[in-house]
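Chemist: Once you've had a glance at the structure underneath, I'll fire off some questions.
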Amino acid sequence: MTAAELFQSVLASLPEIVVVTGACILLIVGQLVPKGQEHFLVWASVAVVLIAALLTLMLAGEVRPAYTGMFIADRFAVFFKFVFYLATVLTFLLSRKYADIEGIGSSEYYVLLLFALSGMMILASATDLLSIYVGLELMVLCTYVLTGFLRGERRSNEAALKYVILGAASTGIFLYGVSLVYGLTGTTQLDAMAAAVSGNPLDPGLLLAVVFIVAGLVFKVGAVPFHMWVPDVYEGAPTTITAFMSVGPKAAGFAVILRVFLNPLVAASDVWIIVAVIAVVTMALGSFVALVQDNFKRVLAYSSIAHAGFAILGVVAGGQDGIASVMFYLLIYAFMNLGIFGTVIMMRNGDFSGEVIEDYAGFAKSYPGLAFLMLLFLFSLAGIPPTAGFFAKFYVLVALVEQGFVMLAVIAVLLSAVAAYFYIRIVMVIYMREPERTFEPALTPLVRATLAFTAAGTIGIGLFPAWFLGLAQRSVFGG
Amino acid sequence: MTVPLLSLIVFMPAAGAALLMFLRNDDAVRWTALGFTVLDFALSIVMLAGFDTTTHEMQFTERRPWVPALGITYALGVDGISALFVFLTALLGWICVLASWVAIDRKVKEFMISLLAMQALVLGVFCALDLFLFYVFWEAMLIPMYLIIGVWGGDGRVYAAFKFFLYTLAGSLLFLVGVIVLYFQGGETFDILALTAQDLPFQVQSWLFFAFLIAFAVKVPMVPVHTWLPDAHVQAPTAGSIILAGVLLKMGAYGFLRFSLPMLPEASVYYSTLMLALSALAIVYGGFLALAQDDLKKLVAYSSISHMGFVTMGIFALNLRGLEGGILQMFNHGVTTGALFLFVGLIYERTHTRSIADYGGLMKVAPVYTAFLALFTLSSMALPGTNSFVGELLVLSGGFAANFAVGAAAVLGALLGAAYLLGMYRKVALGPVSARAQFKIHDVNGREITAILPLAVFVLWVGLYPKPFLDVMDASVKHLLTQVHDRESGQ
């Protein structure tokens, strides 16, 4: 690699470098921050992300391949990076007060989030199975630790352990698939792989390799049959981390899935049938199991499984609209899901966990404004217009019907009718029950700002989707 | 630049709802809500005054790009069919506010916001010229209605609200897939007029017809997907029932008129016998169910099913008299049944019972109330001189022309109507004064008469001189018929 190439590579990956460097500096500086000055950590972390975002924006003008084909900074990656920035910054804002309540004093919390962010960013830009692996591990190792961050709590420890074991197994499966690909084609680069096998795409060995890779990736987005970790981890992890994981790493998983699945190699192997089955079963399981949950975080865990299933349908559809629909879906999902998690985080105050749905009984009576925001997020998750959640689903359906998958579209809408039930059940508890207790939501200006911002996104994208839709369509790679 | 009249009409209640959020005093909330709905009503009169009855073209059209990448536009417009329903919705809007004046005594602000949001969305449904926009209005309406039933309803309100929500949602979602299929079949546009001009293969038309049928049939509601209606009506507060019966049910029938007939003409003709049979079934079955009710609201709710059967029968008779009768009957049903629900609400506020057995001799206690009740009861059973007589007569003559057996069944339904309505009136108004109710009842007051009078005026106006109403829709209906039959016979 010449010096010029190296310079270009560094330039292309500057945002990642900034985040990693910032995280390292904060790791050291964080130890020196005196007690009671934790808000410095929040603002410093936010500043790191904002600088990275600025750099991403400045470099977004052209496509920059880097590191001899391992990495690429294209508009597709830029779009996903902004979803990650959004998720991370909002998580920081939500964490400040929550960390005090839960007694999370240490700076590692913020540092680990930044490292996880850098892993996700690498994932979005990775064009080689090995760089994908590096990004993946960087991301999940941080989330393992964050999941178990409530050291005094059994649930948190248990969740972390489950997550590590299952995650390690899925990584092993993924790596095995990668090794098969390398053995059969002699390369791990996505583009070169496609070129190497263009003669005979239906090699059973390759199909096996693809299935392994699919299994490894599907684990990360929590789709059936690799979803078992989701409810336990979501319930046990600190709620802020749950919020983060349900949006950031999930979107990163989809970024990789889109790059890998829409690679000609995979596209030629009829693997879409498997993916379609995964999508439908995922939606069905998420929707039906959520019906009987009492814990808010578990409902949201199953809801996130159901949403992952819906988004995978966009992958099945493929094509320009299919890819754009998945990206658009994830962007909107980030807004509405962080919003609803924000309200759950806000309820945690004093000794009150606010994790059981019944805890919200009559909430609308005491806090009509907040209750209305929850209503907005929940109806958006259910996909009722004029919220953004409707438009997200609508665009996936358009992509499906465009490719002729009308039956899949019908199944998808019927399952989302099932899913609507458990969202409006929560609305019912909030609005149609008498309050049994007084509420003291932990409302700091930061939490308020987060809720206002996510609500604005949820309703704003719903009413004026054109610009965001165009953004997603322009960001489709190869388009 | 012209004034975007329809946008004003649609968003006036929404603006009112937004303003209400900042008010704290309950009385201020009531008066503001009333102000905005009356203003909206005035605008709808302006619209009707400027309406050209000689053309079937869309009028007062507005068109702005919304999501150009998918061919979605913000397009509004009215023709002779929708103009009547815009007017009806605006009329019932302020009547609903008046009907909730004292009946709603907690969370008044939230209630009025929901009510106004609801009105804006329903108006949007009737004005939309873009299929996507239509769907957004159509579906968004579930949110305020869910809250109106679920928060301010009776004892079984939660169950009723869920049932209403899930039924309608499940029906609408299939409609959504149908809409998207239509989008691709019709050349990637959501423009309703452009889609109307498409000639789709019969196979596609058939599938779409059933996808649409499920959504519209749930809304109308047609037997056998009617079971949400009695629950929703019984549990909903008075204003909720008025809006539900007055305009929400019309949206289903309007869907048939705006989409099924012109876009899927071959399928509509092919399946018209099935639709006529279902209509006749609704008329007779609804009538028998109403006959067996002791609860006043349930009785009116089941009578709604029966009356909406007349509407769908008129529509799928697919001839001029049937269609005009069906549309007029939609308007009449909005006025008459809206009024009947208002009357049930008025008496319920006084006695807190809806059981017919608890009443008797109201004529002696509340003579003005009973006199008006008589008028609307007679209107509901289609006595000559009232609005429903004109509508039902047209529907029946259209129905007999289309299918004799179905017409005969409808006549039986009309007889049943006389039986349960007169029976109800006799038990409630005549006879000795019931011991249980008598001392609590005072007659209607000025506010209530203000709400009742306009409805009474329309009962007699349409009944005695229906020409202006038929004139409004005439050109559009004739155009609709040519769309259906020319294209159907051209194949």
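Chemist: Here is a check on your reading of the model: is A:F335 in a helix (DSSP H, G or I), more than 11 Å from every other protein chain (Cβ to nearest Cβ) and in contact (Cβ under 8 Å) with a residue 12 or more places away in the chain?
Modeler: Considered against the rule, which asks whether it is in a helix (DSSP H, G or I), more than 11 Å from every other protein chain (Cβ to nearest Cβ) and in contact (Cβ under 8 Å) with a residue 12 or more places away in the chain, A:F335 comes out as yes.
Chemist: Look through segment B:339-358, keep the residues that are among the charged types (D, E, K, R) and touching a Lys or Arg at 6+ places or on another chain (Cβ under 6 Å), and return whichever of them is nearest to B:V428 (Cα to Cα). Walk me through it before giving the result.
Modeler: We begin by selecting, within segment B:339-358, every residue among the charged types (D, E, K, R); these are B:349-350, B:354, B:358.
Within this subset, residues satisfying the condition of being touching a Lys or Arg at 6+ places or on another chain (Cβ under 6 Å) are B:350, B:354, B:358.
Values: B:R350: 14, B:R354: 11, B:D358: 8 Å.
Per the stated criteria, the residue is B:D358.
This table checks each residue for (1) more than 23 Å from B:A239 (Cα to Cα); (2) part of a strand (DSSP E or B); (3) not aromatic (F, W, Y).
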{"site": "B:F11", "(1), (2), (3)": "no, no, no"}
{"site": "B:A15", "(1), (2), (3)": "no, no, yes"}
{"site": "B:A18", "(1), (2), (3)": "no, no, yes"}
{"site": "B:L23", "(1), (2), (3)": "no, no, yes"}
{"site": "B:D27", "(1), (2), (3)": "no, no, yes"}
{"site": "B:T37", "(1), (2), (3)": "no, no, yes"}
{"site": "B:M47", "(1), (2), (3)": "yes, no, yes"}
{"site": "B:T53", "(1), (2), (3)": "yes, no, yes"}
{"site": "B:R64", "(1), (2), (3)": "yes, yes, yes"}
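Chemist: Follow-up. What is the number of the single condition among (1) within 14 Å of chain B (Cβ to nearest Cβ); (2) touching a residue at least 12 places away in the same chain (Cβ under 8 Å) that A:A466 does not meet?
Modeler: (2)
Chemist: Confirm whether B:E349 is within 29 Å of B:P262 (Cα to Cα) and part of a helix (DSSP H, G or I).
Modeler: Spelling it out, it is not the case that B:E349 is within 29 Å of B:P262 (Cα to Cα) and part of a helix (DSSP H, G or I).
Chemist: Evaluate the following for A:F377: is it farther than 25 Å from A:A243 by Cβ and more than 8 Å from chain B (Cβ to nearest Cβ)?
Modeler: Numbers: farther than 25 Å from A:A243 by Cβ: no; more than 8 Å from chain B (Cβ to nearest Cβ): yes.
When the stated conditions are applied, A:F377 does not pass them.
Chemist: In this structure, is B:G93 surrounded by 23 or more Cβ atoms within 10 Å (Cβ to Cβ), modelled with pLDDT of 90 or more and either of a type in the set (D, E) or not in a loop (DSSP other than H, G, I, E, B) (or both)?
Modeler: Values: surrounded by 23 or more Cβ atoms within 10 Å (Cβ to Cβ): yes; modelled with pLDDT of 90 or more: yes; either of a type in the set (D, E) or not in a loop (DSSP other than H, G, I, E, B) (or both): yes.
The answer is yes for B:G93.
Chemist: Specify which of the listed residues (A:A251, A:A255) is farther than 27 Å from A:E158 by Cβ, under 16 Å from the mean Cα position of the chain (by Cα) and either at pLDDT below 90 or of a type in the set (G, A, S) (or both). Full working, then the answer.
Modeler: Values: A:A251 fails: farther than 27 Å from A:E158 by Cβ.
Criteria check complete, one pass: A:A255.
Here's the yes/no breakdown for (1) modelled with pLDDT of 90 or more; (2) of a type outside the set (V, I, T):
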{"site": "A:V18", "(1), (2)": "yes, no"}
{"site": "A:V33", "(1), (2)": "no, no"}
{"site": "A:S45", "(1), (2)": "yes, yes"}
{"site": "A:V83", "(1), (2)": "yes, no"}
{"site": "A:A87", "(1), (2)": "yes, yes"}
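Chemist: Then there is this: Scan segment A:391-424 for residues that are surrounded by fewer than 22 Cβ atoms within 10 Å (Cβ to Cβ) and either at positive phi or more than 8 Å from every other protein chain (Cβ to nearest Cβ) (or both) and report the count.
Modeler: 7
Chemist: If you take the residues of segment B:146-169 that are more than 15 Å from B:P230 (Cα to Cα) and touching a residue at least 40 places away in the same chain (Cβ under 8 Å), which of them is nearest to the chain's Cα centre (by Cα)?
Modeler: Taking the candidates together, the pick is B:I148.
Chemist: Among the numbered conditions (1) surrounded by fewer than 24 Cβ atoms within 10 Å (Cβ to Cβ); (2) assigned to a helix (DSSP H, G or I), tell me where A:G119 comes up short.
Modeler: (1)
Chemist: Answer with yes or no whether B:W152 is facing another protein chain (nearest Cβ under 10 Å) and over 20 Å from A:F464 (Cα atoms). Give the derivation first.
Modeler: Values: facing another protein chain (nearest Cβ under 10 Å): yes; over 20 Å from A:F464 (Cα atoms): yes.
Criteria met by B:W152.
Chemist: Next up: Among B:A75, B:A120, which is modelled with pLDDT of 90 or more, within 12 Å of another protein chain (Cβ to nearest Cβ) and within 29 Å of B:L470 (Cβ to Cβ)? Break it down stepwise before answering.
Modeler: On the way: B:A75 fails: within 12 Å of another protein chain (Cβ to nearest Cβ).
Selected residue: B:A120, the only one of B:A75, B:A120 that is modelled with pLDDT of 90 or more, within 12 Å of another protein chain (Cβ to nearest Cβ) and within 29 Å of B:L470 (Cβ to Cβ).
Chemist: Before we move on, is B:V125 buried (at least 22 other Cβ atoms within 10 Å of the Cβ) and either away from chain A (no Cβ under 12 Å) or touching a residue at least 60 places away in the same chain (Cβ under 8 Å) (or both)? Can you show your working first?
Modeler: Values: buried (at least 22 other Cβ atoms within 10 Å of the Cβ): yes; either away from chain A (no Cβ under 12 Å) or touching a residue at least 60 places away in the same chain (Cβ under 8 Å) (or both): yes.
Yes, satisfied.
Chemist: Could you go through segment B:194-213 and let me know if any residue there is within 11 Å of chain A (Cβ to nearest Cβ), on the phi > 0 side of the Ramachandran plot and surrounded by fewer than 22 Cβ atoms within 10 Å (Cβ to Cβ).
Modeler: No - not one qualifying residue is present in segment B:194-213.
Chemist: Evaluate segment A:431-439: report whether one residue or more is under 22 Å from A:H307 (Cα atoms), β-branched (V, I, T), more than 8 Å from chain B (Cβ to nearest Cβ) and touching a residue at least 24 places away in the same chain (Cβ under 8 Å).
Modeler: no
The values are calculated or read from the model by the stated rules, or taken from the named source; none is laboratory data. Model, not experiment: these values are computed from the prediction. Methodologically, a virtual Cβ is constructed for each residue, glycine included, from the backbone with ideal geometry; neighbour enumeration extends over all protein chains shown.
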